[in-house]
1. Once Kirkwood radius over Cα pairs in Å is worked out from the coordinates, which option in [x] 15.0; [y] 15.6; [z] 16.6 does it equal?
2. Can you tell me which of I121, I97, I47 moves the most in a GNM of the chain? Springs connect C-alpha atoms under 10 Å apart.
3. How would F143, F76 line up from fewest to most surrounding beta-carbon atoms within 10 angstrom?
4. Taking a temperature of 37 °C and a viscosity of 0.692 mPa s, what whole-number D in µm²/s does Stokes-Einstein yield for the range 32-114 with Rh from Kirkwood over alpha carbon pairs?
5. Sort T129, T141, T41 so the one with the fewest other Cβ atoms within 10 Å of its own Cβ comes first.
6. With each label point set 7 Å from Cα along the Cα-Cβ vector, what nm distance links E80 and E25?
7. Taking the inverse of the average 1/r across all pairs of different Cα atoms in the range 22-62, what Kirkwood radius in Å do you get?
8. Stretched out fully, how many nm does the piece from Y42 to T129 gain, at 0.36 nm a residue minus the Cα gap?
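Where a number appears in this text, it was derived from the coordinates with a stated rule and is not lab data. This is a predicted model, so every value here is computed, not measured. Here the Cβ positions follow ideal geometry from the backbone for every residue, glycine too, while neighbour counts run over all protein chains shown.
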Amino acid sequence: MRWVTRAAFHLRISVSRRGFASVIEHLKYADSHEWADVDGTYAKIGITDHAQDHLGDVVYVELPEVGATVSKGKNFGAVESVKATSDVYSPVSGEVIEVNTKLNESPGLINTSPYKDGWIIKVQISDSTELKSLMDSDQYTKFCDEEDAKH
């Protein structure tokens, strides 16, 4: 596996070292295992594949209201799985302009499609300088590997 990982690193391909967990190259990542897909002054936010893998089957998602204000590093909701309930933290500050209401009926989308169909909220970013403190895909992969090695 190591030679595959080195080859993938040089080719800028994401390869998992943790079973099936994946990291998407263009996203930004928080150390609390949320991702942000930034498009101009907006960010779609969800939890990472790594996080959902550790949580297990998601059975409920607590969503904020549209119009709510979220703050970087602060809780805005929760994801409940068969194993545990985990708070979800915003990687950026801003106003919630959309919530993924599909999660009310199908919370398992976080497990099956954490980066596409399982997004949680869309935020209008109030301070774009906060993005500088988030990790890129390579940094996040290394962070997860180091965190997993401790456990």
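1. Label [y] holds the value from this structure.
2. Of I121, I97, I47, the most mobile in the Gaussian network model is I97.
3. Placing the least packed residue first, the sequence is F143, F76.
4. Answer from the Stokes-Einstein relation: 256 µm²/s.
5. Lowest to highest Cβ neighbour count: T129, T41, T141.
6. 4.0 nm
7. 11.2 Å
8. Difference between extended and current length: 30.0 nm.
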